[in-house]
Amino acid sequence: MELKAFAVTPGLKHKFTGRQLAALGAAVGDDASVELTTVQQLLVRMDASRWESARAVIAEQGMKIYPVGEVVKNVRACGFCQGDDVEGYPAAVALDEAVAGLPTAFPLRIAYSGCPNGCAEPLVQDIGVVKVGDGFNLYVGGKASGLLPRPGLLLAEAIPEESLPDTILRVIRFYQEQGKKRERFWKFVDRVGMETLAQVLAQPAQVE
Ligand code: SF4
């Protein structure tokens, strides 16, 4: 049997309804495997022949589908506990829509927190975003796994909301262009250096 693998989330609020879970289970079939991963997503492996109908049901039920493998993962978000506007929920959604699923040298994890409490643990992800006041601070090169975890480094601060997706896209595009095969993002940050990344952000925007 040919297998189809993909990831499903309920959106950045990470709360499924019972109806969504029931529809997902029925759509992917009894033999599908559904694995909970560390980036707030369900990783589904199912009979590929049912994929098209399952995709329609998942979308109908308001869930989001993401590719798996060497891609930018869905944005891991905090709980937006003080309200969507105060904590920048629309900015996090726009960021997710701009970057999730882009191909990369190694799976790339992004975390977003709506205040410096950092509930989504943004400082130990490849890319971390923290809302501070009206702007957003960007951290790169954090690492939670292994015996030598480390915090990310501050690459830019007070980024305005309208510039946030493009700022992070610039970093990701540079990684896409310059990253070596299977090079983890934190190693890439070490190799190219923070100064180079700051220069990438300082370049004038390309007119498309
Ligand atoms: S990071 Fe801040 S806004 Fe987000 S859940 Fe934690 S305390 Fe609430």
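Any read-out appearing in this document is the output of simple, stated calculations on the displayed coordinates, not a laboratory observation. The structure presented is a predicted model; accordingly, all values stated were derived computationally and were not measured. All Cβ positions, glycine included, derive from the backbone under ideal geometry; neighbour counts span all protein chains shown.
Approximating the spin labels as points 7 Å out from Cα along Cα→Cβ, the ALA94-to-GLU60 distance works out to 3.3 nm. Here the extension length gained between ALA22 and GLN178 equals 51.9 nm, from 0.36 nm per residue of separation less the Cα-Cα distance. Computed about its Cα centre, the charge dipole of the chain is approximately 680 debye, with only Lys, Arg, Asp and Glu carrying charge at their Cβ.
Remark: spin-label model distance SER33-ASP47 equals 1.8 nm, labels positioned 7 Å along the Cα→Cβ axis.
Spin-label pair ALA144-ALA198: with each label point 7 Å from Cα along the Cα-Cβ axis, the two points sit 2.8 nm from one another.
Listed here are the pairs LYS15/LYS143; LYS4/LYS187; LYS64/LYS181; LYS73/LYS131; LYS13/LYS181; LYS15/LYS187; which of them are more than 24 Å apart at the Cα? Write out the running numbers ahead of the final one.
Working: LYS15/LYS143 26 Å; LYS4/LYS187 31 Å; LYS64/LYS181 28 Å; LYS73/LYS131 20 Å; LYS13/LYS181 33 Å; LYS15/LYS187 33 Å.
The answer is LYS15/LYS143; LYS4/LYS187; LYS64/LYS181; LYS13/LYS181; LYS15/LYS187.
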